[in-house]
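To start, the structure itself, in structure tokens.
Quick note: the coordinates plus some simple rules give every number you see, no bench work behind them. Predicted, not measured: the structure shown is a model, and the values here were computed from it. All Cβ positions, even for glycine, are placed from backbone atoms using ideal geometry, and neighbour counts span all protein chains on display.
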Amino acid sequence: MKIGVFICHCGENISRTVDCPRVARVCESYPGVEYAIDYKYMCSDPGQNMIRDAIREKGLDAIVVGSCSPHMHERTFRNAAVSAGINPFLVEIANLREHCSWVHDDVEAATQKAIELVRMAIEKVKRDKPLSKINVPVTKRVLVIGGGIAGIQAALDTANAGYEVVLVEKEPSIGGHMSQLSETFPTLDCSQCILTPRMVEVYQHPKIKLLTYSEVVKIEGFIGNFKATIKKKARHINEELCSGCGLCITKCPTKKKAYNSFEEDLAFRPAVYIPFPQAVPNIPVIDESVCMYYKNGKCGMCVKVCDRGAIDFDQKDTMLVADIGAIIVATGFKLYNIDKKAADSKYKGYGEYGYGKYRDVIDGLQFERIASASGPTAGEIKRPSDGKVPKKIVFIQCVGSRDDSKGISYCSKICCMYTAKHAMLYKHKVHDGEAYIFYMDIRAGGKMYEEFVRRAIEEDDVKYIRGRVSRIYEENGKYIVKGEDTIAGMPVEIDADLVVLATAMIPQENSAALARTIGIPYDKYGFFNEAHPKLRPVESTTAGVFLAGACQSPRDIPESVAMASAAACKATILLSSDTLEREPVVAKVNEDLCAGCFYCKKVCPFGAIEVKDVKDMNGIVYKEVAYINQGVCQGCGTCTATCLSKSIELAGFNNEEIFAEIAAL
Amino acid sequence: MNFKMDEKIISKEDLLKICQDVIAKGHTLLTPGMNEYFPVKDISQINLNSSALPAKTSYKSYVFPRSEPVLYYKRSKDDVQLIDVNVDGKNIIILGAKPCDTNSISIMRHLFNWDYSDEFFNLREKHFIIIGLMCSHYDEYCFCTSVGSSPVSDKGSDIFLIPLDENNFALRIITEKGKEFIEPYAEYLKPGDETRSKQVTENVKLPEVVFDSKEVYEWLGENFESPKWEGIGNLCLSCAQCAFVCPVCHCFDIVDEDYSYSEGRRMKNWDGCQFGNFTLHASGHNPRDIQSKRYRQRVNHKFRYYVDKFGEILCTGCGRCSRGCPVSIDIKEIVSNCKESV
Amino acid sequence: MDKEKWEPKIVAFVCNWCTYTGADLAGTSRMKYPANAKMIRVMCSGSIDPVFIIKAFERGADGVLVSGCHPNDCHYNAGNFHARRRWDFFHELLDFIGIEKERLQFSWISASEGKKFADVIAKVTKDIKTLGPFTAYKKMNSEFTAVFPEIQEVVKETIIKEKETV
Amino acid sequence: MEELREYAKELLEKKEVAAVIGYTQVSENRTKPIIITDPADASKLVFNEYCLNNLSVYLTKARINAMCRTKDKIMKLAICAKPCDVHSIVALIQENQVHRNDIVIISFNCHGAVKDFGYEFSGENLASKCITCETHKPLYFDKIFGEEKETPKASDAALARIEELESMTHEERFEYFNNEFDKCIKCYACRAVCPLCYCQRCITDKAIPRWIESSSHQRGNFSWNIVRAFHLSARCTGCGECDRACPMDIPLSLINRRMAMEAKKSFSYVSGRSLETPTLVGSFNEKDSDELFM
């Protein structure tokens, strides 16, 4: 085997601390090395030409390039090698820049290390096998999980590109948190007004199959070839027959049996309900837990009034299976529960603010409902306890967010803006009211955001107090807010009529469980992880799964929408070809030697390993062996290390190659 | 060589003095312990007990190490440099070797000097001095008498000891090598009394002769396809305990192992015929693919092929293989019952 | 004096996605760390076999570092979880056999933790320097070093060790 | 004993099983494995304190399994297993080597076995595994024989030895184990008798690339013994056959026991005790300790 070694100076980036000519000289003396040379910029056109020419002239079989990180230019050099007729997997990169010249000062030590790094690459490339890309077919359908604004946007963009979409929403209606908002910052336009047309568009789109009141329970398969199992929860209303007239709702005798979660528990709803008037689909749901029929078998008022016979008490949960090519996860967020904490929760509550104890200490979404024209107060600002118009409101920012002691270190990003919005909405409706905002910093990065906050301060006379609130207690129908003004350097005490807490955005309940179902990583809070924080922000590390909106980290509406469109675009790129090319770094079983213990199957994170029967001459199965579906295998190699008899090898990183690297150290 | 055997008497005390001197001279003195023949550091470790059980392993590894380099190599750009291994010719004196061990080396010598003369073996053997000790122990696994040896046989020894009483041994000088060894210690030797030693050896209880090796030879030739092999093959678990504790099994494997990308060595390692991959070809074909064929090979090699080739049975009847077999396969039983129907 | 001159040989097995990239970041950020550790890139910490570590010790390594993605951060979701169990046993085994725990160290280093990478390499190098050469294991190679005196390192180290004991 | 023989005979006569793997007496204090296919031979079966072999090792042998597959019928295998051997069978079932329905487990009420052949059964000569044994009744079986009897008492010398070793310095321990491993002649008897060493090709036989040096010099012996112990970590059920088989008396099961202690301490797992619990290898818990990692 003839190996060529090419050492790059990277201008002076490498050559400043590594004696590149010496590295080339020493490497030329190693067995198997036919040609070695150093050059100022290997990645430049002349540099690449040097490689091509050397391959042709010297008849090289494989090359080693000592340069920057393979994450930078591996592809460049592989392409150069391919154009000169060498398999791309017979190219090895020794990382002489990031791992050597940039991190060491001593020229001798760095040069010595560089020689060893190149030597390792030489020994590896000697054992490298030529590999070719793997082709897998693509199912042209996208699964969007979550029907908030991000999911809606992603579904519409994908469907408009001509691909089928399955949109799964766990609530009875799509719309998500955006449908609960009164107005949106920084324009103060009506949230419902801009959202509802989108929701209807989704409902009517011929390419979108909408599954509300449904949950994804299982994802199998791999990029281009997922299989999703979706549980459609029983609505007890036949969707085909229901006309959405709403008669069942108005006639239901259990008027105020349950808290209305859409109204953030500020109102009640009957057992049969739609979450809100603009709900899509406009089909009610019967809540078994409060319905009289399920309690004692009597009532059945809805059955009597429904002239279409759509009520179906016997309806059961159903399972649907769909073939899917790509998945967009847009499950959104929920608000940090301020005090009601389960025993095993990683978050600590805010007992000192009296949320849950005082009815007039509410969170941001509750204030949205109070301020909303369609809300429980029809848009009039009234406090929940006695319906009085509050004359003094205290808003507290960063409740939970940026507070290590409560378990959340991050900034929830949107609270500065929506609190300013809340204060403005209040001032616009209650002209003689006073609004105080306790803040830590004001973070108003975004188009027209800073201006918006300034407007609140300057035009609407919202009083910003920099500092934290230590305690809230009730006294004569007032809420005494004790805090400090760190700018004035003195304690503050405000007797408020209503307190609004801007609580942190946290991931949806069970986000970790969903992540495991889909097979994507998540951070310690439960937000899903992107593949690369900067360059691949909407992709998960699992190929074919994309992220949109606040399920990845706190996002406002424009960002969620932008992410959703980006994710849709990524998904459509994937679906635009009939087959997928995959890196051939996959594992393979030596079936003759496999003992069939299936530890590999147990550890495979992707379910790529199947059981294969081996039969004797009479057709009787005498042995079971592992078989790796090359389309599913992602090439992590966990199976190779688990295999006790070493009957699995990972192409491109096989054990012979790694042993050779160890021996070359 | 016209060497005449000579018999002397030596006291135990004097014998130990010789040992002391041997150690002081820097020679290696081996003596049997419970598990193995071990190099004596202090003469108090020496236990010249003729009724002791044979050590679990023989001293085979001192003449044919379980693993030894045969050459070192160093790769350079265009060449491979080979470096020879020098075997140091250090004298090894084995004191108290059991008669079933003493002739092991002479049996193996045939093989190591057959088509190729193994200089490592020969050099080591040349520096061996074997002082045998009559054996007065036997258990259910011993069958030296069935393979033409006996507990009182001095075959293979350079010097042979017969305990006359608690403190005195008859010392039989058998070979030139033995004579050369003992000559410097002539002062310790008293005139021998062959009648006395004969009296002792004649009173030794011998293991019963359980088979006739000629009959076994014949049977093996005629029963290559006997169903007997299958029965044994089903039980045998394919380890090489039997081969590795055997004083005369001599199969080896050659492997190259590297230290780094450029340096390495070629090793000669013990190999066992019961291993499944012993006869595995590079093509993937394995002529002895199942255990019954491998066990058949083992018995045939010992009692037929070796006899054909070198005129000796490749077995000393020490019974180590059966004593240690994890599934209690007893070669003596198999061979002596060979004619019985399955 | 000699001991100060001695430089340990350290092998680091790192995953492609987190630690290798974290090391890239350390480079991009021009952080400095000792040059003793050489990295072997594998796809996932889950694919690192304990035999790799044995091989490294056999080839004269004084210390080994194994590093992958943080839990829940694995590019392959769960490779590092399986690795974690594996290493728990292997580390315990080596400890029982008599190999100091510092000879084989483990870390989780994410792609954004360039600083942590530099710190970990510095720490491991320092630990191994404190322990000194892995003479106990290297003695097994004494036959080799007798034939190839150019594998000097080992010879030198043995001498140092002997000096120390005097 | 007669019941056992009758039962085995019946199984064979009815052709429910292709063979009965059991024990037969060799001499007073010694038994050996026997594979019975002829009902007439069932009378050779015995069970007593001298039945040392863990016969489950035969369950994974291709040649034994081949006996079960005849052209017109697939038969089961019957195996005599002490309660501790049943642990091995459980582990084999979990590792897909044996299917529960393919075997008939004939087990016994057990009150211990001797440490090796040639010893008289007593507390002093009790096998190490019997001293700490908690399953005198098998956890899984199809048929059980023998009466319950008290196990002789003995002190747990192996545990004391482990504690003694752990109190040593690393250097001393390394020295100790290196010397022990140095004795290894690589006859692989430990591997051959181990029911869980069922690999068709052992890692140490993998030549390209060479995983473990086949030479039995210090380096090769060291890596073989480490890898053997590691591969059995959290899998070994503690039958102790390796100890009995080793001609060089290397304390193999001592290391196995130490690793089993780790499995119990860190993961509350004991291998081969339950068919329902997932194996420790091959599963994980997000809450596993992160202590090891910087």
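Couple of notes before you dig in:
- Given R0 = 51 Å, the distance between the Cβ atoms of D:Glu147 and D:Tyr176 translates into a calculated FRET efficiency of 0.75.
- Modelled label positions at A:Asp613 and A:Lys357, each set 7 Å beyond Cα in the direction of Cβ, lie 6.8 nm from each other.
- Among the listed pairs A:Lys406/C:Lys123; A:Lys334/A:Lys447; D:Lys115/D:Lys137; A:Lys406/A:Lys427; A:Lys421/A:Lys463; C:Lys139/D:Lys206, a Cα-Cα separation exceeding 22 Å is found for A:Lys406/C:Lys123; A:Lys334/A:Lys447; A:Lys406/A:Lys427; C:Lys139/D:Lys206.
- Sparse-neighbourhood loop sites, trypsin sites (Lys or Arg not before Pro) in the range D:76-166 - DSSP loop, at most 15 other Cβ within 10 angstrom: D:Lys149, D:Lys153
- Residue-averaged [θ]222 nm for the protein assembly as shown, counting only DSSP H segments that reach four residues, each worth -39500 (n - 2.57): -9000 deg cm²/dmol
- Residues D:Phe174, A:Phe333, B:Phe252 arranged by fewest to most Cβ contacts within 10 Å: B:Phe252, D:Phe174, A:Phe333
- With a simple spin-label model that places each label point 7 Å from the Cα along the Cα-to-Cβ direction, the separation between D:Arg30 and B:Asn86 comes to 4.8 nm.
- When you filter the trypsin sites (Lys or Arg not before Pro) in the range A:411-462 for DSSP loop state and at most 12 other Cβ atoms inside 10 Å of their Cβ, you are left with A:Lys447.
- Cα-Cα P(r), chain A, percent of pairs per 10 Å interval: 3, 13, 18, 19, 17, 13, 10, 5, 1, 0
- Within the shell of other residues whose beta carbon sits under 14 angstrom from the beta carbon of A:Ile557, the net charge comes to 0, with Lys and Arg scored +1 and Asp and Glu -1.
- Per-pair calculated FRET efficiency, R0 = 41 Å: B:Asp21 and A:Arg25 via Cβ, rounded to 0.05: 0.10
- DSSP assigns beta bridges within chain A; of those with both partners inside it, close to 55 percent run antiparallel.
- Gyration tensor analysis over the Cα atoms of the range B:6-203 returns equivalent ellipsoid semi-axes of 34, 19, 15 Å (largest first, whole Å).
- The angle separating the long axis of helix A:70-83 from the principal Cα axis of greatest extent in chain A is about 50 degrees.
- Share of alpha-carbon pairs per 5 Å distance bin for the range A:155-300, given as whole %: 2, 8, 15, 18, 19, 15, 10, 7, 4, 1, 0
- When only alpha carbons are used to place a centre, the range C:15-83 and the range D:1-30 end up 55 Å from one another.
- Stretch in chain B that is longest and holds no GluC sites (Glu not before Pro) that DSSP places in a loop and that have at most 11 other beta carbons within 10 Å: B:1-165
- ³J(HN,Hα), Karplus 6.51/-1.76/1.60, whole Hz, each residue of the range B:205-219, x for Gly, Pro: 6, 9, x, 5, 7, 9, 8, 9, 4, 5, 5, 4, 4, 4, 4
- C-alpha center-to-center spacing [the range A:127-150, the range A:211-281] in angstrom: 31 Å
- Each label point was placed 7 Å from the Cα along the Cα-to-Cβ direction; for D:Lys14 and D:Asp116 their separation is 4.2 nm.
- Relative contact order computed over the range D:157-267 (Cα-Cα under 8 Å; 6+ residues apart), in percent: 29 percent
- By other beta-carbon atoms within 10 Å, ranking C:Trp17, C:Trp6 with the fewest at the front produces C:Trp6, C:Trp17.
- Extended-chain gain in nm, criterion 0.36 nm per residue less alpha-carbon gap, A:Asp495 and A:Leu188: 107.7 nm
- Of the GluC sites (Glu not before Pro) found in the range A:1-67, the ones in coil according to DSSP and having at most 14 other Cβ atoms within 10 Å of their Cβ are A:Glu12.
- Arranged from fewest to most other beta-carbon atoms within 10 Å of their beta carbon, A:Tyr525, A:Tyr41 become A:Tyr41, A:Tyr525.
- Close lysine pairs were tallied over the range A:537-665: pairs 8 or more places apart or on different chains with Cα atoms under 26 Å apart number 19.
- The angle between the Cα long axis of helix D:252-267 and the main principal axis of chain D comes to about 80°, on a 0 to 90 degree scale.
- Relative to its Kirkwood radius, the Cα radius of gyration of chain B gives an Rg/Rh of 1.00.
- Orientation-averaged projected area, Cα convex hull of the range A:334-506 (nm²): 10.1 nm²
- The range D:56-129 and the range D:235-294: distance between their alpha carbon centers, rounded to Å: 20 Å
- The C-alpha atoms of chain A define a longest principal axis, and helix A:107-127 lies at about 80 degrees to it.
- Where N is the number of residues in the range A:247-305, Cα Rg divided by 2.2 N^0.38 Å: 1.08
- Volume per residue that the Cα convex hull of the protein assembly as shown spans, once the total is divided by residue count, Å³: 237 Å³
- Hz values of 3J(HN,Hα) by residue in the range B:244-258 - Karplus curve (6.51, -1.76, 1.60), Gly and Pro given as x: 7, 8, 5, x, 10, 5, 9, 6, 9, 10, 10, 10, 9, 9, 9
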